[in-house]
1. Criterion first (buried (at least 17 other Cβ atoms within 10 Å of the Cβ) and in contact with a Gly (Cβ under 9 Å, 6 or more places away or on another chain)) does LEU138 satisfy it?
2. Does the range 195-219 hold any residues that are over 20 Å from the mean Cα position of the chain (by Cα) and either crowded, with 21+ Cβ neighbours inside 10 Å or in contact (Cβ under 8 Å) with a residue 12 or more places away in the chain (or both), and which are they?
3. Kindly provide the set of residues from the range 148-169 that are under 15 Å from LEU134 (Cβ atoms) and among the hydroxyl-bearing types (Ser, Thr, Tyr), ordered by number.
4. As an exercise: evaluate ASP29 against (1) modelled with pLDDT of 80 or more; (2) farther than 30 Å from ASP284 by Cβ; (3) among the acidic types (Asp, Glu) and give the number of the one condition it does not meet.
5. For the range 134-167, how many residues meet the condition of being part of a strand (DSSP E or B) and aliphatic (A, V, I, L, M)?
6. For PHE124, state whether it is surrounded by fewer than 22 Cβ atoms within 10 Å (Cβ to Cβ), aromatic (Phe, Trp, Tyr) and under 22 Å from ALA289 (Cα atoms).
7. Which ones in the range 80-123 are in contact with a strand residue (DSSP E or B) (Cβ under 7 Å, 6 or more places away or on another chain) and at pLDDT 80 or above?
Amino acid sequence: MIAWLRAAGEPSRLRLLALCDQGDLSVSDLAQALGQSEPRVCRHLRILSEAGLIERIRNGQWVHYRLTPSAPAASFVKGLLAQLDRGDPVFARDMDRVLVESEGAKDSAPRTSESRLGRALQGFVETNTPAGQLDSALVVGVEHLELLESAASMASECTAIAHSRRAAQSARAFAERRGFNCRVLLAATSDGLCERDLVRAGQSFEVVILDHLATANTEFARLLGCGRRALAPNGRLWLFERYESLEIPRAKEKIVEHPLARLRRMLGDQSLSCERLSPIEEDDEHVLAAVAAPATWAAPANKDQVRRA
């Protein structure tokens, strides 16, 4: 009992025991969750292992850790963890981080790190960012977390709408890791932006970023309409859509429009003036990126800025 108490009676090791109670985790997973170096975490794990509170499991070239299956020690650890305050901010943050890391390995999980496509989308936003600090930004869809960082750098207040709990957890963990503030809301429905989401967001925004790549189950025209209603009269709206999605013939009329022309028409239908339209190709994705403004506020389009496909 004394050996167990000595091993568990240290903040980082108590946090590690709580994390190992979630399942088999690697040193890398645990270091990421604690925000500590892997050598330091390894030393704590060795103490817990030598005390018999956790065990090492080898899986190919990887070593994972989990709570011991030994009945007396397991009973001690479970009793100890039962006393933890699940609402404690440190404990909650650890759980969010390890959930993001462990689910990031699944094909269905959102990206939790940078990608070439995400950096390309971020580059388009930053190239067309107005000078000066803005008050508010809204990001719809958080699959490409780089867009979240761009919005936070443009505006003093950043709000994001995620379409799954997993995506929301990824966004919060990314914002914390990068050191910026962003309010992350879970969408009222899984099929895109709706009026309830706009009411919860609570204001109009000078920056609206619509990542339809992250919300592909939402009708693009409906998402664009909701984004337009969220936009302040003097704001700017960035949007990203797959090129092939805009090649689909218009319903009933069977008219095949060029994707660039179709996107311009859809923006015009929302009283938005396209300021720049550009194709982006990365990670085997062909994306159309656009920035637009309310027609009454938009500056005349600069033809040199428009790069045609």
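1. It is true that LEU138 is buried (at least 17 other Cβ atoms within 10 Å of the Cβ) and in contact with a Gly (Cβ under 9 Å, 6 or more places away or on another chain).
2. GLU195, GLN203, SER204, GLU206, GLU219
3. Listed by number, the residues that qualify are SER150, SER153, SER156, THR159.
4. All conditions pass for ASP29, except number (2).
5. Residues that pass the stated criteria total 9.
6. So PHE124 fits the description; yes.
7. Result: LEU117, ALA120, LEU121.
Yes or no, residue by residue, for (1) polar (S, T, N, Q); (2) crowded, with 18+ Cβ neighbours inside 10 Å:
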residue: ARG13; (1), (2): no, yes
residue: ARG66; (1), (2): no, no
residue: PHE76; (1), (2): no, yes
residue: GLN83; (1), (2): yes, no
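The values are calculated or read from the model by the stated rules, or taken from the named source; none is laboratory data. Bear in mind the structure is a predicted one, so any value in this text is a computation, not a measurement. A quick note on method: Cβ atoms are made from the backbone with ideal geometry, for glycine too, and the neighbour counts reach across all protein chains shown.
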